[in-house]
Amino acid sequence: MAAQQGGYHYQPATVAAPQHGAALPVSGEPAEWSTGLFACCDDCEVCCIGYFIPSILYGKNKESIAGQGNFTPDCCAFFWIHLFCSCAASCLSYNSRTEVRKAYNLKEQPCGDCCVHFWCVKCALCQEARELKLRGATPTNPLLRPAVQVVPPPVVVPPPVVVPPAQQQMPGPAVGVPASQQTVYQATTNPLKS
């Protein structure tokens with residue numbers, strides 16, 4: 001059931017608290033979000049950051065989705081776009097909702113991802129942050145982690161060595177000695193036989 005999409009490895013949405021925050025796409029009916037779009041009071045810290053400085057929350061979400069190193073560029077991009085044209089910020093931010101929703105096989109509700117971000121970007125960012133937090137995605141254990149295949153080295157077990165009991169070796173036939181004289185020759189060359 002493991003699958004890769006775009007070079008990233010996902011873990012199933014049925015896992016309550018993934019060990020490394022990743023998620024595999026699951027077949028079947030999409031699940032509900034853990035919290036509602038307007039359930040801002042479920043996590044007051046996320047609510048305050050999302051309401052007063054949404055660019056910070058967007059950067060934190062992106063870092064929990066894609067890993068460390070994404071906070072500053074995403075936070076700054078969202079800040080400047082939101083400052084000059086707040087409507088255009090939804091064009092930047094809705095992709096994070098899509099990534100979370102697809103990774104955890106969540107319903108696209110109450111409407112499409114872009115529409116949710118266009119009409120209620122702060123609530124959408126808060127809902128995504130709560131979902132990522134509840135499922136264990138962090139900057140060090142992001143939702144989307146590049147798939148790494150680690151192949152353990154093969155274990156080679158040598159076959160047991162069987163040593164036969166020591167045997168007395170008899171010299172072979174002498175070179176250049178006629179067969180009739182072989183017994184005489186062997187008796188004189190092998191002092192153990194005497």
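The values are calculated or read from the model by the stated rules, or taken from the named source; none is laboratory data. Just so it is clear, the structure is predicted and the values come from calculations on it, not from any experiment. We place every Cβ from the backbone using ideal geometry, glycine too, and count neighbours over all the protein chains shown. To get the accessible areas, we keep the full protein, side chains included, count just its heavy atoms, and leave off ligands, DNA and RNA. Shrake-Rupley method; radii C 1.70, N 1.55, O 1.52, S 1.80 Å.
Amide H neighbours of residue 31 under 5 Å, counting only residues 5+ apart in sequence or on other chains, H built in-plane at 1.01 Å?
106, 107
At 1.4 Å probe size, put 78, 71 in order of accessible surface, largest to smallest.
These residues rank, largest area first, as 71, 78.
Taking the simple approach of a point 7 Å from Cα along Cα-to-Cβ for both residue 84 and residue 162, what is their distance in nm?
Label-label distance for residue 84 and residue 162, simple model: 8.3 nm.
Taking the simple approach of a point 7 Å from Cα along Cα-to-Cβ for both residue 39 and residue 108, what is their distance in nm?
Using points 7 Å along Cα→Cβ, the separation is 2.2 nm.
Would you tell me the accessible area of residue 97, worked out with a 1.4 angstrom probe on the heavy atoms of the protein chains, in Å² to the nearest 10?
0 Å²
If DNA, RNA and ligands are ignored and the probe is 1.4 Å, what is the ranking of 33, 119 by accessible area, most exposed first?
My answer, sorted largest first, is 119, 33.
From the C-alpha gyration tensor of the stretch 73-164, pull out the three semi-axes of the equivalent ellipsoid (sqrt of 5λ each), sorted largest to smallest, in whole Å.
Working through the eigenvalues yields semi-axes of 48, 15, 10 Å.
Before anything else, pin down the relative contact order of the stretch 28-151: Cα pairs under 8 Å, at least 6 apart, normalised by residue count, whole percent.
So the answer I get is 38 percent.
On a full-extension model of 0.36 nm per residue, what is the gain between residue 51 and residue 31, subtracting their alpha-carbon distance, rounded to one decimal in nm?
Result for the pair: 4.5 nm of gain on full extension.
Largest first, what is the accessible-area ranking of 128, 108 with a 1.4 Å probe?
108, 128
Subtract the Cα-Cα distance of residue 72 and residue 141 from 0.36 nm times their separation in residues, and report this length gain in nm to one decimal.
My answer for the length gained is 23.1 nm.
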